[in-house]
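Chemist: Right, I'll just put the structure down here and ask away after.
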Amino acid sequence: MRPSRSHDHREHPLSSLATILPFATSEGEGFHAPTIADFFPAPVLFEGSFLEVNRLQIVRLIAALALVIFMVLVARRARLVPGRSQNVVELLLDFVRVNVAQEILGKERARKYVPLLTTLFFAILAFNLTGVVPLLNIAGTSLIGLPLMLALWVYVMYLGAGIRAQGLGGFLRSNLFPPGVPVFMYVLLTPIEFLTVFVLRPATLALRLMANMVAGHLMLVLTFSATQFFLLEASGAMKVFGALTLVSGIALTLFEVFVAALQAYIFVVLTAVYLNLSVEAEH
Amino acid sequence: MSTAVAAALVAAVEEDHAEAAEGIDLLIPAIYDIVWSIVVLAIIAFAFYRFVLPKFRAVLDERTDLIQGGIKKAESAQAEAQAALERNHAELAEARAEAARIREEARTEGAAIVAEHRQRATVEAERILDTAHKQIEAERQQASVQLRAEVGTLATELASRIVGESLQDEARQSRVVDRFLDELAAEPSRANAGTVQ
């Protein structure tokens, strides 16, 4: 129930999905098709204020605290000869440091940005994985605010890195007026480059992450609510479809784990690439 | 009837409204969304930047140092072993040279000893020979003296016999006597020496 929101009276396409699908009959409980409303659950605390807490914020807080507590515990017990959990953490740390930072930025420049990339990677991975954790069941990054803040953080970092490395003028010149291009092409290129550097990079970072998580959530809800519908409410032979949707739901869950890791990886790789483009004078 | 329908419709519409959220909402963040995003990111960033990452970096650095230290230690041990081996080789070569030198010395010394002994033996032999010669000479002298004394006696006896007996062979006898006398006269010194001894 979200009466406070003004746009509630408008209809949106996905909420009518239920009426299109053949098995989504209007009778009884029926089939609960996933809708975008899943991402705007009812507030639990401080309704209407800027501190409004709903299910998604709780999921985010749980994910953040779980990540921090786990990492702090592992870091506290970190020894020269690593234990099992330390090994896993070090594997991920090494992965970000070597395969992302050093590969893209080079060994020297990577040192400065390894903390940023590592923090981003772990945070995104944790928030993505809540989408497949039972009871949480929604990715913390599936609501635009978090991806946007992550992208904004990266945005500030790569603009800052570029200005620090080349000066404001140098940074703008090397990014908006790429060298080795005929002068009249700048009419076309400069607006495109401007859009790329100042709008598209952060926007695509945020949207890619959010859209992937939203899509994953919708797919999971679709398969599992269909399974419930087929097994409990459908009649006779239709129940067989329940097995099919259950298996595909399990497969999709595994796929979502993969996507969670992949999106975290893509996010930090692109961050490293943008940082590299900023600090390199010529590209 | 119509009111019931209207009520049902209103209820349905209300339910629909409650469920509804625009697609565009996915792209427009609410204030609380941004606030809580900043809060959770700040929690994570604080923990990572202040504690987790420095701690892991320290552990990794320490491990790197340890491994490098181990490698250095192994290298120094290797170098030490190499030095010891070289020293052993040098000592062995020295010992061999020493042995060869001692052998050579022994050989020359042996040769010298043999030569010395040979010389000493030669000298001894000469001395013995000399002594023998001298002894022989002395004995010969003695025999000569003795003989001479006897020869004198015999000659005297012979002479007396010759003079006393045969007159027939006078001429031959006289020649013998003459020669005898001549010889005696020719060797007075010998006769003297013989008598003296």
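Chemist: Quick one: would you say A:Glu52 is at pLDDT below 90 and closer than 19 Å to B:Ile43 by Cβ?
Modeler: When the stated conditions are applied, A:Glu52 passes them.
Chemist: Residues B:Ala58, B:Ala121, B:Ala47: which one is more than 30 Å from A:Ile62 (Cα to Cα) and open to solvent by less than 60 Å² (accessible area, probe 1.4 Å)?
Modeler: That would be B:Ala121, the only listed residue that is more than 30 Å from A:Ile62 (Cα to Cα) and open to solvent by less than 60 Å² (accessible area, probe 1.4 Å).
Chemist: Residues in segment A:91-102: is at least one facing chain B (nearest Cβ under 8 Å) and either exposed (fewer than 15 other Cβ atoms within 10 Å of the Cβ) or within 25 Å of the chain's Cα centre (by Cα) (or both)? Quick ask: steps written out before the conclusion?
Modeler: Filtering segment A:91-102 for residues facing chain B (nearest Cβ under 8 Å) gives A:93.
Filter once more, keeping what is either exposed (fewer than 15 other Cβ atoms within 10 Å of the Cβ) or within 25 Å of the chain's Cα centre (by Cα) (or both): A:93.
Within segment A:91-102, one or more residues are facing chain B (nearest Cβ under 8 Å) and either exposed (fewer than 15 other Cβ atoms within 10 Å of the Cβ) or within 25 Å of the chain's Cα centre (by Cα) (or both).
Chemist: Scan segment A:40-51 for residues that are facing chain B (nearest Cβ under 7 Å) and crowded, with 16+ Cβ neighbours inside 10 Å and jot them down.
Modeler: A:Phe40, the sole residue that qualifies.
Chemist: Then there is this: Is there any pair with a first residue in segment A:116-140 that is under 16 Å from A:Leu254 (Cβ atoms) and a second that is of a type in the set (D, E, K, R) whose Cβ atoms are under 7 Å apart and which are 6 or more apart or on different chains, and what are they?
Modeler: Close Cβ pairs (under 7 Å, with a partner that is of a type in the set (D, E, K, R)) amount to A:Gly131/A:Glu256; A:Val132/A:Glu256.
Residue by residue, here is whether (1) open to solvent by 50 Å² or more (accessible area, probe 1.4 Å); (2) farther than 25 Å from A:Leu117 by Cβ; (3) over 25 Å from the mean Cα position of the chain (by Cα) holds:
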| site | (1), (2), (3) |
| --- | --- |
| A:Val214 | no, no, no |
| A:Val240 | yes, yes, yes |
| A:Leu244 | yes, yes, yes |
| A:Ser248 | no, yes, no |
| A:Leu254 | yes, yes, no |
| A:Val269 | no, no, no |
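Chemist: Can you find a residue in segment A:270-279 that is in contact (Cβ under 8 Å) with a residue 40 or more places away in the chain, of a type outside the set (A, V, I, L, M), closer than 30 Å to A:Arg111 by Cα and not in a helix (DSSP H, G or I)?
Modeler: Looking through segment A:270-279, none of the residues is in contact (Cβ under 8 Å) with a residue 40 or more places away in the chain, of a type outside the set (A, V, I, L, M), closer than 30 Å to A:Arg111 by Cα and not in a helix (DSSP H, G or I).
Chemist: Any residue in segment A:186-212 that is surrounded by 14 or more Cβ atoms within 10 Å (Cβ to Cβ) sitting within a Cβ distance under 9 Å of a residue that is aromatic (Phe, Trp, Tyr) and not in a helix (DSSP H, G or I)? List the pairs, counting only those 6 or more apart or interchain.
Modeler: Going by the 9 Å Cβ cut-off, the qualifying pairs are A:Tyr186/A:Phe177; A:Leu189/A:Phe177; A:Thr190/A:Phe177; A:Glu193/A:Phe177.
Chemist: While we're looking at this one, here's another question. Can you find, within segment A:103-122, the residue that is least open to solvent (accessible area, probe 1.4 Å) among those that are within 11 Å of chain B (Cβ to nearest Cβ) and closer than 28 Å to B:Gly69 by Cβ?
Modeler: A:Thr118
The values are calculated or read from the model by the stated rules, or taken from the named source; none is laboratory data. Just so it is clear, the structure is predicted and the values come from calculations on it, not from any experiment. We place every Cβ from the backbone using ideal geometry, glycine too, and count neighbours over all the protein chains shown. The accessibility values were calculated without ligands, DNA or RNA, using every heavy atom of the protein model including side chains. Shrake-Rupley method; radii C 1.70, N 1.55, O 1.52, S 1.80 Å.
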